[in-house]
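These notes are about the structure you will find just below.
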C-alpha cells in the first residue's frame with residue numbers, strides 16, 4: 001500500500017523567512033496530493049492541493065510543487081508570519097480508488113517574531 | 001455555511017465499553033470519511049461512507065463500525081474499547097468520492 005514520508009518533523013524560522021516541507025510517496029498510482037494545517041485543538045484544515053497533471057500550484061504565500069518521476073512533492077510558504085505556526089500534514093491518494101487519504105507524520109512549524 | 005460538526009468534543013470511557021461518535025457533513029457534501037489520529041501522528045483512515053454504504057475500509061478491526069443516514073450524517077461505533085483506542089477521531093466530508101476532504105475538529109476519546 002501507499003506510504004508517505006514527511007520531512008522535517010520540526011522546523012523553526014524567523015518571521016519573514018521562507019519555509020519548505022518535503023514529502024515522498026511510494027505508490028505511483030497516487031494522483032492527488034493535499035496539504036493540511038492543524039492548529040492546537042482543531043481539525044486539519046485544507047490549505048492547498050495539487051493533482052498529478054500539474055507541476056506547481058500557488059495561492060498567495062503558499063505554493064506546492066510535484067515531481068511525479070521522483071515521487072515527491074513540497075510545500076513552500078513565503079514571508080512567514082507567526083500565525084503560520086502549526087503542524088502541517090501532507091497526504092496522498094488515488095482518486096480512482098475513491099480517495100482515501102494516506103498522511104505523513106506531520107511537520108511542526110514555529111515562526112519566531 | 002456550517003462546516004463539518006462533530007459531537008461530543010470530549011469523551012471518557014473505560015476498557016470494554018462501547019462508544020458512538022457523531023458527524024454532520026459540510027452543507028452540500030454527501031460523502032463522509034472517518035480517521036483516527038494518535039498523539040503526534042498523522043490521521044489514519046478508518047472507513048468511508050457514500051450513499052449509506054461503506055465504500056472503503058482501512059486497516060481497522062471489526063470492532064469499528066459505522067453508519068450513514070439519509071441526511072448524509074454519520075456515526076462511528078467502537079465496541080470493546082481498548083486503551084489503545086485513545087485518540088482524536090476525525091470526520092471529513094466531501095462532495096462525492098475522490099473529492100477534496102474537509103475535516104471537523106474531532107472527538108477526543110480517552111480510555112481509562
*Dimensions (Å) - region A:60-113, Cα atoms, principal axes, largest first*: 43, 20, 19
_For chain A: relative contact order, % (alpha-carbon pairs under 8 angstrom, 6 or more apart)_ = 37
*Cα-Cα pairs above 14 Å in region B:49-106: how many percent?*
63
*How big is the Kirkwood radius of region A:6-113, worked out from every pair of different alpha carbons and given in Å to one decimal?*
14.0
*Quick one: Cα centre-to-centre distance for region B:18-35 and region B:51-112, in angstrom?*
7
*Along each of the three principal axes of the Cα atoms of region B:1-66, give the extent in whole Å, ordering the values from largest to smallest.*
37, 25, 25
*Can you give me the three principal axis dimensions of chain B from its C-alpha atoms, in Å, biggest first?*
38, 26, 24
_Please compute, for peptide B:30-42, the average count of beta-carbon atoms on other protein chains lying within 10 Å of each residue's beta-carbon._
3
*Find the relative contact order for chain B and round it to a whole percent, using C-alpha pairs within less than 8 Å whose residues are 6+ positions apart.*
37
*What does the convex hull of the alpha-carbon atoms of the protein assembly as shown project to on average, in nm²?*
12.3
*Please work out, to two decimal places, the log10 of the ratio I(q)/I(0) at q = 0.20 Å⁻¹ from a Debye calculation in which every Cα of region A:30-78 carries one identical scatterer.*
-0.67
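Please tell me the relative contact order of region B:1-57 in percent, rounded to the nearest whole number, where contacts are Cα pairs under 8 Å and at least six residues apart. Don't skip to the end; give the middle numbers.
Working: 68 pairs, mean separation 14.2, N = 57.
Once divided by the residue count of region B:1-57, the mean separation gives 25 percent.
Computed from the coordinates by the stated procedures, all read-outs in this text should not be read as laboratory data. As the structure is a prediction and not an experimental result, all values here were calculated from the model. Using ideal geometry, Cβ is built from the backbone for each residue, glycine included, and neighbour counts are taken over all protein chains shown.
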